[in-house]
Amino acid sequence: MLGLQNAGKTCLLNGGDFTYDTIPTIGFNMKKVQKNNVSIKCWDIGGQPRFRPMWERYCRGVNAILFVVDIADIEKLQAAREELHSIMSQESLEGIPLLVLGNKSDLEVKVSVDELIDALDLKGIDHREVSCYGISAKEETNLEAVLSWLVKRANELQR
């Protein structure tokens, strides 16, 4: 799970356990999630600029990349786009499915999923499956769809 700082990755990893004083992730957090017969190991990688050069190393060999974006922080969308396209251009990550999560859909002022797709130029990312969902980690909105997406990718790999 990648994304700029304050996108909500840690809250998402902790299943909606939201606090206003969440400490930024230093390095990474890891949690296992069980869904049906699939065990998902999820890495929450720090989003501060000093950790971004390490993203590619953590993503090698994974089954999917989740990129979390704060859809209420419109000023950071360009930076999110640049970081996303930078990581997706890495040859070592070619073919890994990408799920972009527009987090904080519970807030009043935000971009829509369609606006997020355009702002991040998701149609310009090729050589992989790309999906995009709006979620609220805080209110746990649409998280079942995220888990279903991940389980489907895991089941496809087992075939």
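Within the range 124-141, can you find the residues that are out of contact with any helix residue (DSSP H, G or I) (no Cβ under 7 Å at 6 or more places or on another chain) and either among the charged types (D, E, K, R) or farther than 11 Å from Leu12 by Cα (or both)? Residues satisfying the conditions are Gly124, Asp126, His127, Arg128, Glu129, Glu139, Glu140.
Filtered by the rule that a residue be β-branched (Val, Ile, Thr), more than 12 Å from Phe67 (Cα to Cα) and surrounded by 14 or more Cβ atoms within 10 Å (Cβ to Cβ), the range 88-112 gives Ile96, Val111.
Condition check ((1) modelled with pLDDT of 95 or more; (2) under 14 Å from the mean Cα position of the chain (by Cα); (3) farther than 27 Å from Val33 by Cα) across all residues:
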{"position": "Gly124", "(1), (2), (3)": "yes, no, yes"}
{"position": "Gly134", "(1), (2), (3)": "yes, yes, no"}
{"position": "Glu139", "(1), (2), (3)": "no, no, no"}
{"position": "Asn142", "(1), (2), (3)": "no, yes, no"}
{"position": "Val146", "(1), (2), (3)": "no, yes, no"}
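Is there a residue being of a type in the set (S, T, N, Q), more than 16 Å from the chain's Cα centre (by Cα) and either loosely packed, with under 14 Cβ neighbours inside 10 Å or at pLDDT 90 or above (or both) anywhere in the range 48-60? Checked against the condition, which is being of a type in the set (S, T, N, Q), more than 16 Å from the chain's Cα centre (by Cα) and either loosely packed, with under 14 Cβ neighbours inside 10 Å or at pLDDT 90 or above (or both), the range 48-60 yields no hits at all.
Any residue at all in the range 81-102 that's under 21 Å from Asn6 (Cβ atoms), basic (Lys, Arg) and modelled with pLDDT of 95 or more? Within the range 81-102, one or more residues are under 21 Å from Asn6 (Cβ atoms), basic (Lys, Arg) and modelled with pLDDT of 95 or more. In the range 42-70, which residue that is assigned to a loop (DSSP other than H, G, I, E, B) and aliphatic (A, V, I, L, M) is farthest from Cys132 (Cα to Cα)? That would be Val62. Taken over the range 71-93, the residue count meeting the criterion of being within 19 Å of Asn103 (Cα to Cα) and either in a helix (DSSP H, G or I) or among the basic types (Lys, Arg) (or both) is 12. Any residue at all in the range 109-121 that's of a type in the set (S, T, N, Q) and at pLDDT below 95? Within the range 109-121, not a single residue is of a type in the set (S, T, N, Q) and at pLDDT below 95. Can we say Phe67 is among the hydrophobic types (A, V, I, L, M, F, W, C), touching a strand residue (DSSP E or B) at 6+ places or on another chain (Cβ under 8 Å) and surrounded by fewer than 19 Cβ atoms within 10 Å (Cβ to Cβ)? The answer is no for Phe67.
Take the conditions buried (at least 16 other Cβ atoms within 10 Å of the Cβ) and in contact with a Ser or Thr (Cβ under 7 Å, 6 or more places away or on another chain) and apply them to Leu116. Does it pass? Spelling it out, it is not the case that Leu116 is buried (at least 16 other Cβ atoms within 10 Å of the Cβ) and in contact with a Ser or Thr (Cβ under 7 Å, 6 or more places away or on another chain). Scanning the range 102-159 for residues that are touching a residue at least 60 places away in the same chain (Cβ under 8 Å) and not in a helix (DSSP H, G or I) gives Asn103, Lys104, Gly134, Ile135, Ala137, Lys138, Glu139, Glu140.
Residue count for the range 32-46 satisfying the condition of being polar (S, T, N, Q) and touching a strand residue (DSSP E or B) at 6+ places or on another chain (Cβ under 7 Å): 1.
The values are calculated or read from the model by the stated rules, or taken from the named source; none is laboratory data. Just so it is clear, the structure is predicted and the values come from calculations on it, not from any experiment. Every residue, glycine as well, gets a Cβ built from its backbone with ideal geometry; the counts of neighbours run over all protein chains shown.
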